[in-house]
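Here's the structure we're looking at; comments come further down.
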Amino acid sequence: MTTHLDRSVGLVTTRTARVFDDAHPLTLRSGATLGQVDVAYETYGTLNHARDNAVFICHALTGDAHAAGFHDGDTKPGWWDTIIGPGKPIDTGTWYVVCANLLGGCQGTTGPSSTNPTTGEPYGLDFPLLDMGDFVEVHRALGRHLGIDHFAAVVGGSLGGMQALQWAIDHPSEVGRAIIIAASSRLTAQNIAFSAVGRQAIMRDGDFREGRFLTEGTAPRRGLAVARMMAHITYLSETGFEEKFGRSAQRGELTKNFGVDFAIESYLEHQGERFLSRFDALSYLYLTRVMDYFDPFADPQALDALLDDPVRFLVLSFDTDWRFSTEHSRRIVRHLEGARLPTSFREIHSAWGHDSFLLDIPDYHATVRAFLERAAEDLS
């Protein structure tokens, strides 16, 4: 008899480590400092004696440390269980997999909803603005905490792919391979516009209280739900929406009203409401802003360190992704190949748009599997 734990890493728990403290603070790219930084993380598989079989997973905008397996009592696995586990493309029989929540997040890692030790109240908008490099520094510190100074691969989709790229650019000696999936090296005006409207929906909600809602006992629930609804539209393709919903009515037949009449309206409303139970409005503001400013190739010397210590790259896109279209991936590839760095690229066919990186798509999984199998051959 099979169970939901089959081909899974099984029951897992999220742990927390303090990776910076008042004696050894984190200095951000902006020059601001954070004295106490905790990071939530999970691990799967076994770290070998040589400590060279570690793979780091970087999550997307609204992800968290729970990438695979089940928490006690759960009926659904972690957000990337399709690809992480025994016998899966990121095979926990070979790899020791680490996934951690981002700095600025709201799932156990220090962020704007955390308590400011100076005031004893949540940081709110007093939390400093962040940079992609700040995410990397916190996760590098977690690696040191775990006794890992080199990752065989750093893997991420969407925002996670951006972090994987930044890590490889800044610290190539610590990364053997980087897998960058459905990501971008520079957001377009359209990308920024979608995020800007989402942030405005949050900040114009009367319960936002200029970022003080946590101390005033309110929450910008309507604004955050609308931001999620709009963002979710960009995660699926038109084909995906048509196949799943079309113009079908939510309750048998259309009745011409301003309520929820179409099935797609009900779906988006559900996505918005469900989001409220697991994400914080402040984290949404901070993390989307990091994406807006991300532009690593703007620095003419961005790839200099990589030239001295090349990382092997795999860049993947999906043909129906219009959030970060294939052109975004091709731009990354052009920069890497222009510097003669070892780079593989593939566009994968999928009907499901940007969210395809979360799904079990055979060509996609086979490509990741083959790339990591070659990495396994390099283990000492």
Considering residues of the range 350-380 that are in contact with a helix residue (DSSP H, G or I) (Cβ under 7 Å, 6 or more places away or on another chain) and not in a helix (DSSP H, G or I) only, the residue surrounded by the fewest Cβ atoms within 10 Å (Cβ to Cβ) | Ala351
Residues in the range 265-273: is at least one surrounded by 20 or more Cβ atoms within 10 Å (Cβ to Cβ), in contact (Cβ under 8 Å) with a residue 40 or more places away in the chain and not assigned by TED's automatic domain parsing to the domain that holds Ser114?
-> yes
Being assigned by TED's automatic domain parsing to the domain that holds Leu276, within 30 Å of Asp319 (Cβ to Cβ) and modelled with pLDDT of 95 or more narrows Arg228, Arg212, Arg204 down to just Arg228
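To keep it simple, each residue is scored yes or no on (1) open to solvent by 10 Å² or more (accessible area, probe 1.4 Å); (2) at pLDDT below 95; (3) closer than 18 Å to Leu287 by Cα; (4) among the aromatic types (Phe, Trp, Tyr).
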residue: Ala67; (1), (2), (3), (4): no, no, no, no
residue: Ile84; (1), (2), (3), (4): no, no, no, no
residue: Pro122; (1), (2), (3), (4): yes, no, yes, no
residue: Asp149; (1), (2), (3), (4): yes, no, no, no
When you go through (1) under 21 Å from the mean Cα position of the chain (by Cα); (2) farther than 23 Å from Ser113 by Cα one by one for Val37, which number turns out not to apply?
-> (2)
Some residue of the range 276-289 being surrounded by fewer than 22 Cβ atoms within 10 Å (Cβ to Cβ), in contact (Cβ under 8 Å) with a residue 24 or more places away in the chain and among the aromatic types (Phe, Trp, Tyr) = yes
State yes or no: is Leu214 in contact (Cβ under 8 Å) with a residue 24 or more places away in the chain, touching a strand residue (DSSP E or B) at 6+ places or on another chain (Cβ under 6 Å), part of a helix (DSSP H, G or I) and not hydroxyl-bearing (Ser, Thr, Tyr)?
-> yes
Yes/no for Gly176 being in the same structural domain as Ser350 (by TED's automatic domain parsing) and open to solvent by 10 Å² or more (accessible area, probe 1.4 Å) = yes
Just give me the residues in the range 20-45 being buried (at least 16 other Cβ atoms within 10 Å of the Cβ) and either outside the structural domain of Gly69 (by TED's automatic domain parsing) or outside any loop (DSSP other than H, G, I, E, B) (or both), in sequence order.
-> Phe20, Leu26, Leu34, Val37, Asp38, Val39, Ala40, Tyr41, Glu42, Thr43, Tyr44
Every residue from the range 93-104 that is in contact with an Asp or Glu (Cβ under 9 Å, 6 or more places away or on another chain), assigned to a loop (DSSP other than H, G, I, E, B) and either within 20 Å of Val55 (Cβ to Cβ) or of a type outside the set (Gly, Ala, Ser) (or both) = Thr94, Asn101, Leu102, Leu103
Residues of the range 48-92 satisfying the condition of being under 19 Å from Arg177 (Cβ atoms), assigned to a loop (DSSP other than H, G, I, E, B) and in contact with a helix residue (DSSP H, G or I) (Cβ under 7 Å, 6 or more places away or on another chain) = His59, Trp80, Ile83, Pro89
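The values are calculated or read from the model by the stated rules, or taken from the named source; none is laboratory data. What you are looking at is a predicted structure, and each value in this text was computed from that prediction instead of being measured. Cβ atoms come from the backbone with ideal geometry, glycine included; neighbour counts cover every protein chain shown. Accessible surface areas use protein heavy atoms only, side chains included; no ligands, DNA or RNA. Shrake-Rupley method; radii C 1.70, N 1.55, O 1.52, S 1.80 Å.
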